[in-house]
1. Taking the label point as lying 7 angstrom from Cα along the Cα-to-Cβ axis, what are the distances from residue B:297 to the corresponding position in the remaining copies, in ascending order and in nanometres?
2. Mind checking which of A:288, A:54, A:77 has the largest fluctuation in a GNM of chain A, springs on alpha carbons under 10 Å?
3. Any chance you could tell me what percent of the C-alpha pair distances in chain B go past 34 Å?
4. I need the inter-copy label distances for residue A:330: point set 7 Å along Cα to C-beta, values in nm with one decimal, smallest first.
5. If you average the alpha carbon positions of the stretch A:110-170 and of the stretch A:62-98, how far apart do those two centres end up, in angstrom?
6. Please report the spacing between the Cα centers of the stretch A:190-222 and the stretch B:237-273 in Å, no decimals.
7. Pairs of Cα atoms under 8 Å, at least six residues apart: use those to get the relative contact order of chain B, whole percent.
8. With the cut-off at 32 Å, tell me which of the pairs B:257/B:335; A:179/B:222; A:225/B:30; B:153/B:200; A:215/B:335; A:68/A:291 have Cα atoms farther apart than that.
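Please treat every number below as a calculation from the coordinates, not as lab data. Remember, it's a predicted structure, so these values are computed and weren't measured experimentally. In this analysis, Cβ positions are derived from the backbone assuming ideal geometry, glycine residues included, and neighbour counts consider all displayed protein chains.
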There are 2 protein chains.
Amino acid sequence: MRLPLLQFRRAFSAKKLVYSQYGDPAKVIKLEEFEETKPGNNEVAVRWLAAPVNPADINQIQGVYPLKPPMPAVGGNEGCGVVTALGSGVNNMEVGLLVIPSHAGIGTWRTCGVHAATDVDAVDKDLPLDFAATLQVNPSTAYRMLKDFVDLKPGDVIIQNGANSAVGRYVIQLCRMWKIKTINVVRARPNLTLLETDLKSLGADYVVTEEQLLKEFRGKFKNIKLALNCVGGRSGLLLSSLLAAKGCIVTYGAMSKQPLQLPAGPLIFKDIRAVGFWMSPWYLVPENTPKRKEMHQELSEMYKRGELKCPLFAKNSIENYESALNTAQTEFHAKQMFLF
Amino acid sequence: MRLPLLQFRRAFSAKKLVYSQYGDPAKVIKLEEFEETKPGNNEVAVRWLAAPVNPADINQIQGVYPLKPPMPAVGGNEGCGVVTALGSGVNNMEVGLLVIPSHAGIGTWRTCGVHAATDVDAVDKDLPLDFAATLQVNPSTAYRMLKDFVDLKPGDVIIQNGANSAVGRYVIQLCRMWKIKTINVVRARPNLTLLETDLKSLGADYVVTEEQLLKEFRGKFKNIKLALNCVGGRSGLLLSSLLAAKGCIVTYGAMSKQPLQLPAGPLIFKDIRAVGFWMSPWYLVPENTPKRKEMHQELSEMYKRGELKCPLFAKNSIENYESALNTAQTEFHAKQMFLF
């Protein structure tokens, strides 16, 4: 009489979202059941709890992202889970810890998995799932871009475009806490006042369109040391033309799909520079490990003190993956997350 | 009977080319005679021998260059001369030394002048005037751009546009000596083969138009670490898109008068960066003094060994300044120099 056992196994069976070829995510992703295994030497078993669908995850499955894990691959690059078992030789983990991936590429769209102990990193177990599952990319990107390129002090001014993006909103909030003024460039839109109120509630000092920026801000600030660019094209030209001497423009996205433009005069005569930032390889540099722990701890504490707000996510079961992946691509601002 | 004395004084009278307002150089520059003075404490008297007319000199007088010396100002930023007298307190100079300015802005279009001893720098006295008078800007710019931004080793590859420029030609020659391969981008023109032969005689490995580059070079070189850009616009986009991971594009001019374009993908995912280089402020950094001496000595020795060729200059007397300044603006490749 094995039926009850079979039913039990099916109800709690391990599932993962796997792709074996590049293409439209909703088409190439397959839901697979698999047998749970026990962690081996230096491995841990993780019961994954939540994982977002990021634009980079979509691009990776489309084959247009530079990260290309060996196939078949489990989708998803960030998330959070609980350690459920330790393999031999694992000394710095314990069962029950809340963990996130320590780098991209391990495949988080799954109910559970066995991973190298070094592929996951313990975080504050009191964090809510939404924040823990998205700590690795957006708030960390904002944090590093503000920390690693110029030496910002209270009272300094930064400028960013795409200020309404997930990263842009974390930039605003971190700057508010670090007493750095933000000039936030957004696209002209019918409900601009609403967006302005929203971003100012997070701590934005100025919310402007490019047109307003051209008219009102040229020459107003003498010490804009940093520009954060996720748009490119002429928007980047505008931002970089406002930089003070030795200022830096950091590009982390290209929503306009246009090359970044840089003004020759400030490049040559004001010694401004342009660099890029990509969070994923940063996590792979061994020297960054202590910085990673410090950053995640600091961000977690900010969140718990109510100083950081996390975006809202629509929650999806793993079985509902086609709808989640389609919505993630068609409705840019409807952020999707799997709850396992 | 003072006539002979007056004649003598007139024949050898001190003269300088001065401007008191910005404008068309041939119109706002005035030839002035002045009384020679003796060097005071920590000063030296210099009999100037030769000084080129650089594009930057022209732009400075037009008021469109960031260097703006107090007016009235003597034109010219580089040149060479002989020390003719020492003021008190000058220990590291001697009469008869060949000197060049130690930085821009001291005004070299003059037959003689009294200068702070630290405003001039002794160079190898066996250098011909053409090379000594132009050591400070073009060969030094090429030298620093190859030394200061990426770590180039024999066998590495660099790419540059405007390869036919004065700086571009020094880049080719320095790379030949340092065993660095050069891809030299030039504009399509009727006499392309002639130019190719010319640049290859200096040591150019490849001489190509942008069209040829697009067709033939994409993917051919995996390790282009450095791009030197004096054109901007889409030419800069092409150069930077060929850079290897962690490559650097250095902008030192903008002949297209277009903003530099940078590809977002390589910025973000290959960690390439864009910086500018301007020789003038480099000379003002105190820590660079030993590097300056080492650079000028190395370049001088290369020249004396016949390893560097200096461009040809049309020579002008100081009285002939209107023609020299007009020609410098209208005939870009007819390089002008004053001989005093």
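1. For residue B:297, the other copies' label points sit at 5.0 nm, shortest first.
2. Most flexible of the set in this elastic network: A:288.
3. Working: 16737 of 57630 pairs.
Roughly 29 percent, rounded to a whole number.
4. Once sorted, the set of distances for residue A:330 reads 6.7 nm.
5. 17 Å
6. Using only Cα atoms, the two centres lie 30 Å from each other.
7. Details: 677 pairs, mean separation 56.5, N = 340.
Relative contact order for chain B comes out at 17 percent.
8. Numbers: B:257/B:335 21 Å; A:179/B:222 44 Å; A:225/B:30 41 Å; B:153/B:200 21 Å; A:215/B:335 42 Å; A:68/A:291 26 Å.
Too far apart for the 32 Å limit: A:179/B:222; A:225/B:30; A:215/B:335.
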